[in-house]
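The values are calculated or read from the model by the stated rules, or taken from the named source; none is laboratory data. Quick caveat, the model's predicted, so the values are computed rather than measured. Backbone-built Cβ (ideal geometry, glycine too); neighbour counts: all protein chains shown. Surface areas here come from the heavy atoms of the whole protein model, side chains and all, with no ligands, DNA or RNA. Shrake-Rupley method; radii C 1.70, N 1.55, O 1.52, S 1.80 Å.
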Amino acid sequence: MDIAIHTDTIQLDQFLKLAGAVASGGEVKALLAEGMILRNDVPETARRRKLVLGDVITINGSDAYRVVR
């Protein structure tokens, strides 16, 4: 699913809230701790990681969100 942003970058936790994938930053933290979030098919560890256009975030191996303008 493509999620449009209006800036050059966005933090991972803000992006996932914008996408409606999580309800809070705490939920993002828990998913990261469990290794359930991938950025461009690489496990992510930082909830404040800056995402750029074209990045693809996958949650639980199934829900994928792509950063677009």
Tell me the relative contact order for the chain as a rounded percent, counting alpha carbon contacts under 8 Å between residues six or more apart.
41 percent
Roll a 1.4 angstrom probe over the protein heavy atoms and tell me the percent of accessible area of the chain that is carbon or sulfur.
50 percent
Here, GluC sites (Glu not before Pro) of the chain satisfying both criteria (DSSP loop; at most 11 other Cβ within 10 Å) are Glu34
How big is the convex hull of the Cα atoms of the chain, per residue, in Å³?
69 Å³
What are the ³J(HN,Hα) couplings of segment 8-16, residue after residue, when phi is run through the Karplus curve with 6.51, -1.76, 1.60 and θ = phi - 60°? Round to Hz, x for glycine and proline.
6, 9, 8, 6, 3, 5, 5, 5, 5
Suppose every K and R has +1 on its Cβ and every D and E has -1 on its Cβ; what is the size of the dipole of the chain about the Cα centre, in Debye to the nearest 20?
220 debye
Accessible area in square angstrom per residue, the chain, 1.4 angstrom probe:
58 Å²
